[in-house]
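K.L.:
This structure is in structure tokens; I'll ask about it shortly.
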Amino acid sequence: MAKDHPDPASAQIRIASIVIIVTMVIWMGASWIGGMIGLPTRFAFLFDFAALAAFFWALVVLYQAWRKRQNMKD
């Protein structure tokens, strides 16, 4: 059954999921391309830290969505 007003936490979960998937693809691609063209190690760490920041952001968003759903149950 479709709702007229979707759960705002669902939108947050969807966005966080997209960020996780896109981050994984870009991170793996950047690591592979960097290895193929011989980029210095500092760029590999830059890609790693950017990916960690995106994963941390997604984790925070998922936690907030979880808390919203817990508060809606009460």
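The values are calculated or read from the model by the stated rules, or taken from the named source; none is laboratory data. Note that the structure is a prediction, hence the values are computed from the model and not measured. Cβ coordinates were reconstructed from backbone atoms using ideal geometry, including for glycine residues, and neighbour counts include every protein chain displayed. Ligands, DNA and RNA are excluded from the accessible area calculation, which covers all protein heavy atoms including side chains. Shrake-Rupley method; radii C 1.70, N 1.55, O 1.52, S 1.80 Å.
K.L.:
When you scan region 44-68, how many residues do you find that are surrounded by 13 or more Cβ atoms within 10 Å (Cβ to Cβ) and farther than 17 Å from residue 18 by Cβ?
P.N.:
Selection size over region 44-68: 6.
K.L.:
Name the pairs: first residue in region 17-38 and hydroxyl-bearing (Ser, Thr, Tyr), second residue modelled with pLDDT of 95 or more, Cβ to Cβ under 7 Å, at least 6 apart or on different chains?
P.N.:
Partner pairs satisfying both residue conditions: 23/51; 23/54; 23/55.
K.L.:
I'm told residue 39 meets every condition in (1) assigned to a loop (DSSP other than H, G, I, E, B); (2) of a type outside the set (Asp, Glu); (3) modelled with pLDDT of 95 or more except one. Can you identify the failing condition by its number?
P.N.:
Of everything listed in (1) assigned to a loop (DSSP other than H, G, I, E, B); (2) of a type outside the set (Asp, Glu); (3) modelled with pLDDT of 95 or more, residue 39 misses just condition (3).
K.L.:
A follow-up question, please. Taking only region 1-43 into account, find how many residues are of a type outside the set (A, V, I, L, M) and open to solvent by less than 90 Å² (accessible area, probe 1.4 Å). Don't jump to the end; show me each part of the working.
P.N.:
Our first condition is that a residue be of a type outside the set (A, V, I, L, M); within region 1-43, this holds for 3-8, 10, 12, 14, 17, 23, 27, 29, 31-32, 34-35, 38, 40-43.
Within this subset, residues satisfying the condition of being open to solvent by less than 90 Å² (accessible area, probe 1.4 Å) are 7-8, 10, 12, 17, 23, 27, 29, 31, 34-35, 38, 40, 43.
The number of residues fulfilling the criteria is 14.
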